[in-house]
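Just so you know, all these numbers are worked out from the coordinates, no wet-lab data involved. What you see is a predicted model; the values in this text were computed from it and never measured.
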Amino acid sequence: MVAGEKAVWFFGAANQYARVQFTARKSLDNGQSWQSHVLLSEQSGSGYSAMAVLDEDGDTVGVLWESSTSGLISWSRLDVAVAAVAGRGGGPA
C-alpha cells in the first residue's frame with residue numbers, strides 16, 4: 001500500500017443469491033468502489049467472518065470464517081500487496 005493510504009475490507013459471498021464464492025474485497029475510497037478482490041472459497045454456506053490486521057504496517061490481514069455446510073472454521077492470511085492485484089487469478093497467501 002502507498003504510505004498514508006487506508007483500505008476498507010469487505011468479506012462475504014460474491015453471489016447475491018446464495019452464500020457461495022466467499023470473497024475478500026478491498027476499497028481505497030471508503031467503499032465507493034472495490035479495486036480488487038480475492039476468492040477465498042467456492043464452497044457453499046460461507047457465513048460470518050472476522051478480520052484482523054496482523055502486523056504493525058498493516059501489510060498483512062487475516063480472516064476467519066465459518067462454513068455452515070461443513071461445520072468448519074477456515075482461516076486465510078492475505079498480503080495486502082498481493083490482494084491489490086488479485087481478482088485476476090490471484091488467491092490467498
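Quick notes on this structure:
- Put simply, the amide H of Ser36, placed in the peptide plane, has neighbours under 5 Å in Lys26, leaving out anything fewer than 5 places away on its chain.
- ³J(HN,Hα) computed for each position of segment 72-78 - Karplus, 6.51 cos²θ - 1.76 cosθ + 1.60, integer Hz, glycine/proline x: 9, 10, 10, 9, 9, 10, 10
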